[in-house]
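Below is one structure, written out as structure tokens; comments come after it.
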Amino acid sequence: MPDKTADMEKKTEEKAVMPSSTEVPLTLDAGPAPGKPRSLWSDAWHDLRRSPLFVVSALMILFLIVMAIWPSLFTDASPRDSDLKNHFLQHPNWTHFFQADWFGYDLQGRSIYARVVHGARASIAVGVVVTLAVTIIGTIVGMVAGYFGGWVDSVLSRVTDVFFGVPFIVGAMVILTTFEERAVWVVILALAFLGWTQIARVARGAVITIKQSDYVVAARALGASTSRIMFKHILPNAMAPIIVVATIALGGYIGAEATLSYLGIGLAEPTVSWGIDVASGKDQLRNAPFVLMIPSVMVAITVLSFLMFGDAVRNALDPKMR
């Protein structure tokens, strides 16, 4: 009898331990195995593809670049052909889309639509080339100052402060007045000569922070050369803030070129530029406002597109903006 009672108690304990078919055992679910971690650039691209600000601005910039490189895709009219007898300040003809008379004609009887299409090349070329030049110059100066420190940093920082203290537009005006012929390369030279200071400061701050990282200290301890440390370990990790500043500044350089051309100090005829067209149409604001407004709107759209693009890139690369 005691043995039978002991067997019944043992079966009861085993039944209590075993879960029933309707019960779900409580287990720690670790979830799916984590995949390969994404880098900063892949993570940024993942966010950019889902940003409406980036998509809209990128499409607008792509359209402007195509128009600047292949203007013949948009119009067959020449931006320099004039017909004062038949087209003097002729108003826009909105029934003929993408035709020579779509935006009307200016004071010299030239097609405003053709000049808008062909004027994109000079304005965008100035902005892009100046941005590349100031990015290279500013990055080199900032990296050298931030990495070596000491008297090298002091000298380069003071030189940067001197250039930074010169008003950008005023300094460009002084430089441009020394040239008799103000071609595109002259305007690029003047803007690049004064525009590298902001990127130099950003690069210097990024390098000072990165050079204290463990992987830089380890590379230096293993005997890596200075050039290898700077270009292999520091530069790739310092490019994010530099790219953000450069993309935002690009729109500003396009606006600066239009401003200088409007003041009569930037690009000059026979170069086709939006700033030149704005300057030529300012005296006809009452009689024919479209001569002034259409190239002005193109400048505003272009600058806004690059500013939106820069803001989207900043939001994707800056962890604090997430």
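The values are calculated or read from the model by the stated rules, or taken from the named source; none is laboratory data. Fair warning: this is a prediction, and the values are worked out from it, not measured in the lab. In this analysis, Cβ positions are derived from the backbone assuming ideal geometry, glycine residues included, and neighbour counts consider all displayed protein chains. Keep in mind that these areas ignore ligands, DNA and RNA; they rest on the heavy atoms of the full protein, side chains included. Shrake-Rupley method; radii C 1.70, N 1.55, O 1.52, S 1.80 Å.
Quick check on residue 248: is it in contact (Cβ under 8 Å) with a residue 40 or more places away in the chain, under 22 Å from residue 171 (Cα atoms), part of a helix (DSSP H, G or I) and open to solvent by less than 10 Å² (accessible area, probe 1.4 Å)? The answer is no for residue 248. Of all the listed residues (130, 141, 152, 117), the sole one being under 21 Å from residue 207 (Cα atoms), under 26 Å from the mean Cα position of the chain (by Cα), at pLDDT 90 or above and in a helix (DSSP H, G or I) is 141. The single residue among 262, 215, 253 that is over 29 Å from residue 140 (Cα atoms) and of a type in the set (Ser, Thr, Tyr) turns out to be 262.
Quick one: would you say residue 271 is open to solvent by 20 Å² or more (accessible area, probe 1.4 Å), in contact with a Lys or Arg (Cβ under 9 Å, 6 or more places away or on another chain) and either more than 25 Å from residue 187 (Cα to Cα) or part of a loop (DSSP other than H, G, I, E, B) (or both)?
Details: open to solvent by 20 Å² or more (accessible area, probe 1.4 Å): yes; in contact with a Lys or Arg (Cβ under 9 Å, 6 or more places away or on another chain): yes; either more than 25 Å from residue 187 (Cα to Cα) or part of a loop (DSSP other than H, G, I, E, B) (or both): yes.
The answer is yes for residue 271.
A search for C-beta distances below 7 Å between a residue of segment 78-106 that is assigned to a loop (DSSP other than H, G, I, E, B) and any residue that is of a type in the set (Lys, Arg), counting only pairs 6+ apart in sequence or on different chains, returns 79/110; 79/115; 80/110; 81/110; 82/110. So which pairs qualify, if the first residue must be in segment 134-162 and of a type in the set (Phe, Trp, Tyr), the second must be open to solvent by less than 30 Å² (accessible area, probe 1.4 Å) and assigned to a helix (DSSP H, G or I), the Cβ gap must be under 7 Å, and the two must be at least 6 apart or on different chains? Partner pairs satisfying both residue conditions: 147/207; 147/230; 147/234.
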